[in-house]
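K.L.:
Quick one: structure below, then a few questions.
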Amino acid sequence: MAEVTRRRGGEMLRGVMQILDVEPDGLAAREVLVRLETAVPPTPFELADYPNNPGTRRYEKLVRFHTIAAVKAGWIYKASGTWTLTPIGKSALQTYSDPEDLMREADRLYRVWKKAQPEPLPLEPTEALVEDEPSPAASLEDAEDAARGQIQGYLEKMPPYVFQDVVAGLLRAMGYVVVWVAPPGPDGGFDVVAQTDPLGARGPRIKAQVKQRPDSRVSPSDLRSFLATLGEQDVGIYISTGGFTKETEFEARRQEKRRVTLVDLARFIELWVAHYSQLSEPDRQLLPLKPVYFLSQA
């Protein structure tokens, strides 16, 4: 297709990789796309909608499409709506300064990956691209990111004490017995207490700290304050909608006497989805979800 050449695909891919190169912790896909539109402005063709899909602009779908080969090549890692440039991706960015060479190498590595798969795959990236339809794989990825962003936004705006109830609901779905949820006011350093059985006679007691601070990452001092509330038989869970600093993650990993698990918003959503069928109906209504099915070969 003349409008979308390998060189143009390489320009998009290289632009994405350059944006991620200065974001060691990765970047939300939607933010990558916003920044890329400035770094690699869309052509009139890319600004237009797909003829058979009014309201669906080509640009974002094409960008997602041209990153597929880079993911299979191991250059870009995508998880929970976040894109990260891998070490070998950084090396490829330095090695292939010409966008067309970069795209050609990504396609080559994609074919190597495809050949190694136990079952034949429907189409290669260069075969799947058509002018009138967005790539099924790109559409699926776009839908997943949009859904995840909507769920994250819902949780970020949720009142803190309702979010505590959501956390308690998840623990119940995971088989724990929730014995206490902090009422409004000072919480004493933790927000939810759960046990492995109704009497607390078996296993450790679980204490959960819940931070509803979307714009603020948990610091090491915050974590140490929480750790101070844990007894020898306690297990700590720290849930933060704003995530954790690298220093905080390191502090958690180095703990030997006090066991603690850090759960950011993306991980919390994964756990909620994984245990959704075990949720009680009242708990489910705190964060109600509905599955949407796509063709498995997309």
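The values are calculated or read from the model by the stated rules, or taken from the named source; none is laboratory data. Owing to the predicted nature of the structure, the values given are computational and were not obtained by experimental measurement. Heads up, the Cβs are rebuilt from the backbone with ideal geometry, glycines too, and the neighbour counts pull from every protein chain shown. Just so you know, the surface numbers come from the protein's heavy atoms only, side chains and all, with ligands and any DNA or RNA stripped out. Shrake-Rupley method; radii C 1.70, N 1.55, O 1.52, S 1.80 Å.
K.L.:
Tell me, which strands (runs of 3 or more DSSP E) wholly within segment 45-97 include 2 or more residues that are surrounded by 16 or more Cβ atoms within 10 Å (Cβ to Cβ)?
P.N.:
Details: elements: 53-57, 76-79, 82-85.
Correct list: 76-79, 82-85.
K.L.:
Only one of E156, E124, E131 is at pLDDT 90 or above and acidic (D, E); which?
P.N.:
E156
K.L.:
When you check G55 against the structure, is it out of contact with any helix residue (DSSP H, G or I) (no Cβ under 7 Å at 6 or more places or on another chain) and within 15 Å of A143 (Cβ to Cβ), yes or no?
P.N.:
Yes, satisfied.
K.L.:
Suppose we filter segment 149-166 for residues that are aliphatic (A, V, I, L, M), closer than 17 Å to Q209 by Cβ and touching a helix residue (DSSP H, G or I) at 6+ places or on another chain (Cβ under 8 Å); how many remain?
P.N.:
Within segment 149-166, the subset aliphatic (A, V, I, L, M) is 151, 155, 158, 162, 166.
Remaining after also requiring closer than 17 Å to Q209 by Cβ: 155, 158, 162, 166.
Next cut, touching a helix residue (DSSP H, G or I) at 6+ places or on another chain (Cβ under 8 Å) only: 155, 158, 166.
Total satisfying the criteria: 3.
K.L.:
Also, I was wondering about something else. Can you pull out every residue in segment 148-165 that is in contact with a strand residue (DSSP E or B) (Cβ under 9 Å, 6 or more places away or on another chain) and open to solvent by less than 20 Å² (accessible area, probe 1.4 Å)?
P.N.:
Of everything in segment 148-165, those that are in contact with a strand residue (DSSP E or B) (Cβ under 9 Å, 6 or more places away or on another chain) and open to solvent by less than 20 Å² (accessible area, probe 1.4 Å) turn out to be F163, Q164.
K.L.:
Out of L230, L199, L289, which single residue is surrounded by 13 or more Cβ atoms within 10 Å (Cβ to Cβ) and more than 18 Å from the chain's Cα centre (by Cα)?
P.N.:
Numbers: L199 fails: surrounded by 13 or more Cβ atoms within 10 Å (Cβ to Cβ); L289 fails: more than 18 Å from the chain's Cα centre (by Cα).
Answer to the check: L230.
K.L.:
Name the residue, out of A201, A208, that is closer than 23 Å to F163 by Cα and either without any contact (Cβ under 8 Å) to a residue 40 or more places away in the chain or of a type outside the set (S, T, Y) (or both). Show your work before the answer.
P.N.:
Values: A201 fails: closer than 23 Å to F163 by Cα.
One residue alone meets the criteria, A208.
K.L.:
Could you list, in sequence order, all residues of segment 241-286 that are touching a residue at least 12 places away in the same chain (Cβ under 8 Å), part of a loop (DSSP other than H, G, I, E, B) and at negative phi?
P.N.:
Listed by number, the residues that qualify are T241, G242, T245, Q255, K257, R258, H275, L279, S280, L286.
K.L.:
Tell me which of these M174 doesn't satisfy, since it passes every other one: (1) surrounded by fewer than 18 Cβ atoms within 10 Å (Cβ to Cβ); (2) free of Cβ contacts under 8 Å to residues at least 24 places away in the same chain; (3) not small (G, A, S).
P.N.:
(2)
K.L.:
Still on this model: Which ones in segment 1-44 are loosely packed, with under 14 Cβ neighbours inside 10 Å, aliphatic (A, V, I, L, M) and not in a helix (DSSP H, G or I)?
P.N.:
M1, A2, V22
K.L.:
Between A39, A69, which is in contact with a Pro (Cβ under 8 Å, 6 or more places away or on another chain), free of Cβ contacts under 8 Å to residues at least 60 places away in the same chain and farther than 21 Å from G149 by Cβ?
P.N.:
Values: A39 fails: in contact with a Pro (Cβ under 8 Å, 6 or more places away or on another chain).
Answer to the selection: A69.
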